[in-house]
1. For residues that are surrounded by fewer than 18 Cβ atoms within 10 Å (Cβ to Cβ) and over 13 Å from the mean Cα position of the chain (by Cα), tally how many sit in segment 143-157.
2. Considering only segment 122-137, state which residues are in a strand (DSSP E or B) and surrounded by 16 or more Cβ atoms within 10 Å (Cβ to Cβ).
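Please treat every number below as a calculation from the coordinates, not as lab data. Worth saying up front: this structure is predicted, and the values here are computed from it rather than measured. Methodologically, a virtual Cβ is constructed for each residue, glycine included, from the backbone with ideal geometry; neighbour enumeration extends over all protein chains shown.
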Amino acid sequence: MTISISYQRLAELLGGDVRGADEVSCPGPGHSAGDRSLSVKLDKDAPDGFVVHSFAGDDPLACRDYVRDKLGLAPFEPMKRKKKNGGQEQWTPLGEYIYRDEHGEPYLKVRKCRDHNGEKQFPQYHWHGQQWQKGKPRTADGKPKPKIPYRLPEFIAAPLTTTVYFVEGEGCADSLADIGLVATTASEGANAKWVPELTSYFKGRRVVVGRSRPPSRPRPRRRRRRRSKGLSCGTRIGSRRQC
């Protein structure tokens with residue numbers, strides 16, 4: 001599982017300090033603000049996207065839930081789907097991606113899962129002040145909130161002259177960010193209709209539109225034209241990098 005967050009931001013959310021290149025030392029659950037007994041490291045191969053170690057001997061599960069709460073993540077639990085006979089079938093979690101607004105606050109969560117038929121599913125959740133709730137972000141009167149690009153805080157912090165890579169999938173965006181590139185995507189995948197509110201984020205920027213993997217056959221030109229039209233303000237279209 002991958003969590004889209006820098007170590008500096010992780011330290012801020014946990015009230016701790018960055019130690020070395022890949023560790024945050026912070027207060028453990030129930031400890032004072034000056035405590036640094038909890039070590040947290042990001043790990044894409046871990047179920048939570050991070051690993052913890054308490055030098056104070058705190059319960060590992062309590063530490064994991066403590067960190068998830070600080071990061072705006074729900075307590076870990078496998079996705080389930082009801083059977084027709086009233087039983088339960090589990091979905092296997094494959095990843096979890098948090099969309100944050102321009103202030104770094106949680107906005108949308110996309111969970112990547114494999115259902116009981118082996119097919120990938122991408123349920124969405126919105127942040128409701130203190131916890132995640134099922135469904136896309138909506139206003140108080142039930143209208144859909146605007147879409148935002150993935151990794152928005154890092155995206156808008158980059159100079160306008162920086163090339164932005166618009167790719168298919170949050171995991172691909174994270175991989176490019178790991179090697180120092182500015183990368184983003186939008187929820188619901190490549191087949192989703194481009195929405196006008198996304199265009200404003202790309203105005204005046206040079207954008208390279210890529211794909212997550214080589215397709216089995218050439219994509220229809222009209223799909224590329226439709227996506228290009230949505231990014232017509234000072235953008236450059238291509239597939240310079242595939243990941």
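1. So the answer is 6.
2. Q124, Y125, H126, W127, W132 - these are the residues of segment 122-137 that are in a strand (DSSP E or B) and surrounded by 16 or more Cβ atoms within 10 Å (Cβ to Cβ).
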